[in-house]
Each structure stands twice: as structure tokens, then as C-alpha cells.
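Quick notes on the structure that follows.
Derivation of every value follows stated rules applied to the coordinates shown; laboratory data play no part. Everything numeric in this text was worked out from a predicted model, so none of it was measured. No Cβ is skipped: glycine too gets one built from the backbone with ideal geometry, and neighbour counts run over all protein chains shown.
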Amino acid sequence: MDLKSLAELVEAAYADRSLLKQEATEKAVRETIELLDQGKIRVASKDEQGNWITHAWIKQAVLLFFGIQKMEVMEIGPFEFYDKVPLKKNLEAAGVRVVPPGTVRYGAHVEPGAVIMPGYVNIGAYVGAGTMVDTWATVGSCAQIGKNCHLSGGVGIGGVLEPPGARPVIVEDGCFIGSRAIIVEGMHVEAEAVIGAGVALTASTPIIDVTGPEPKELRGRVPARSVVIPGMRPKQFPAGQFNVACALIIGTRKESTDKKTSLNEALRDFGVSV
């Protein structure tokens with residue numbers, strides 16, 4: 001079935017769940033999730049101008065998939081699970097390394113050469129080639145992670161399923177995300193950025209560029225090659241003045257070295273914890 005037909009059936013069923021009883025509609029939902037699993041479609045992708053576009057109908061299909069799936073017991077060695085979504089299969093053929101007890105759910109796509117340590121990749125997510133999802137790092141539903149990224153231990157990449165039109169979390173190619181950092185609510189981290197340990201990025205987090213004579217405030221986006229650390233700034237409340245969390249852009253990765261070297265230099269030069 002072509003994508004236009006799939007989208008029409010999925011959108012109609014999302015508006016009227018009774019349509020899920022029809023064989024053609026259920027088939028369309030399952031085919032959409034299979035295409036997601038194979039990486040032939042993505043929840044979000046770049047257009048010709050380089051802008052990220054969210055494909056709401058694909059997120060709708062993920063939500064509908066939960067409705068048509070039955071709970072079942074899954075046994076893997078001595079482990080027992082009880083869930084609606086099976087685990088991803090054929091990892092060897094896909095060229096993906098998953099270290100026990102790392103988990104990749106069916107409907108997520110992981111490109112060849114990526115490594116999933118004992119972390120978690122949820123349905124609808126996309127993980128690029130050469131990326132490391134380190135121990136206890138999580139990639140939430142529909143999150144888009146680029147190539148050659150490093151999600152350090154305990155990193156939390158949030159899932160964004162509803163509303164279907166909302167942008168998922170996007171981490172572009174070559175980014176380094178430090179230990180226990182949190183990136184949620186549709187945040188966009190542009191290519192080759194360095195996010196220090198413990199940074200929390202939400203849609204409302206002030207991201208303040210302090211590299212110039214005057215601070216410049218951003219929200220929802222970390223510019224390419226930025227080096228970001230946790231920060232605090234004073235805010236007045238009825239009960240008095242208190243410090244609230246923000247994120248500080250303290251520099252950029254250098255162009256003069258290759259990516260791996262510049263990453264290490266960024267962490268040394270700016271004293272970013274990882």
C-alpha cells in the first residue's frame with residue numbers, strides 16, 4: 001500500500017476508532033509500524049530546506065497500534081515480560097549491537113553500527129549509525145537521534161507521542177550528551193552540540209548564550225556545535241528571590257580539529273563534566 005493510502009486510513013481511524021475493526025484499517029496500522037521498524041519511514045524528517053517536519057499520521061499509527069495489540073507473555077531465557085509490543089528482532093542481520101539487558105522495541109529503527117548498552121529504545125524512535133546509547137540511557141518514543149552521537153550513562157531522551165502533531169525530541173548528528181542529562185518536550189539539539197552532565201532541557205528551559213558581552217536567550221533549540229552546561233539565575237517570587245535552573249552556552253566546538261578530538265577539547269577547554 002502506498003504512503004498516501006496508509007496515511008488516509010490511519011487518519012480516519014484516529015478520528016473514529018471503530019474503523020479499527022475493519023481489516024484494511026488494521027492492516028494499514030500494522031504496515032505503518034513495520035515500515036517504521038525497517039526505517040523506511042520516520043516520525044520526523046528534514047525537508048529540502050533542512051527544516052524538520054513531524055509526520056503526525058505516523059504518530060497516530062503508533063497510538064492506534066497499542067489499541068489493536070493484545071497483551072501477551074514474552075519469555076526470554078529466565079526473564080518474563082507481559083506487554084503489547086514485542087522486542088525488535090534480526091539484530092545481527094541489521095548490524096546492531098545490543099548488550100544484555102538492553103532493549104529495543106519493535107517499531108523503533110536502529111541503523112547499522114549503533115550500539116545499545118543496557119539502555120532502552122522505544123517504539124517510533126530512530127537511532128543513527130555509529131551512535132552509542134550508553135548504560136541506562138533511554139530513547140523515548142518517536143525521538144530522533146542522529147549518526148555518531150553518544151548518549152552517556154543515564155541520559156533521558158523523552159518521548160513525545162501526544163499530541164500527534166507535536167515535534168519529537170531531535171538530536172542531530174555528532175552530538176555528545178553528558179551523563180544524566182535530560183532532553184524532553186520536543187527539544188531540538190542541532191548537529192555536533194555538546195551537552196554537559198546534568199543539563200535539563202525542556203521546552204521552557206532558558207538556554208542562555210553567555211559567550212558575548214550580553215546574554216542571549218533561546219528556548220527549544222540548542223544551536224549547532226554549542227557547548228552547554230547547567231546554570232542558575234535569580235528570579236523574583238512573592239516569597240523572595242531564588243535561583244532557578246537554566247542552561248548556559250559557554251562556547252562552541254573548534255573547527256580546527258576532527259570531531260572526536262574537538263569533542264574532547266571542548267570538554268577540557270570549558271570544564272564540562274561528563
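Side notes on the structure shown:
- Contact map, segment 138-151: residues that are touching a residue at least 60 places away in the same chain (Cβ under 8 Å) paired with residues that are of a type in the set (Lys, Arg) and buried (at least 24 other Cβ atoms within 10 Å of the Cβ), Cβ distance under 7 Å, separation 6+ or inter-chain. Pairs shown: CYS142/LYS59.
- Every condition in (1) in a strand (DSSP E or B); (2) over 21 Å from PRO168 (Cβ atoms) is met by VAL104 except one, and the failing one is (2).
- Annotation note: Cβ proximity below 6 Å between a residue of segment 161-180 that is closer than 24 Å to ALA61 by Cα and a residue that is among the β-branched types (Val, Ile, Thr) (sequence gap 6+ or interchain) occurs for ALA166/VAL160; ARG167/THR54; PRO168/VAL43; PRO168/VAL160; VAL169/ILE157; VAL169/ILE183; VAL171/ILE145; VAL171/VAL189.
- Scanning segment 198-215 for residues that are assigned to a loop (DSSP other than H, G, I, E, B) and surrounded by fewer than 19 Cβ atoms within 10 Å (Cβ to Cβ) turns up GLY198, THR202, ALA203, SER204, PRO206, VAL210, THR211, GLY212, PRO213, GLU214, PRO215.
- Total residues in segment 157-166, condition more than 15 Å from VAL104 (Cβ to Cβ) and crowded, with 19+ Cβ neighbours inside 10 Å: 4
- Every pair of residues 6+ apart whose Cβ atoms lie under 6 Å, when the first sits in segment 1-22 and is under 14 Å from ILE58 (Cα atoms) while the second is in a helix (DSSP H, G or I) and among the aliphatic types (A, V, I, L, M): LEU6/ALA28; LEU9/ALA28; VAL10/ALA28; VAL10/ALA61; ALA12/LEU19; ALA13/LEU19; ALA13/LEU20; ALA13/LEU64
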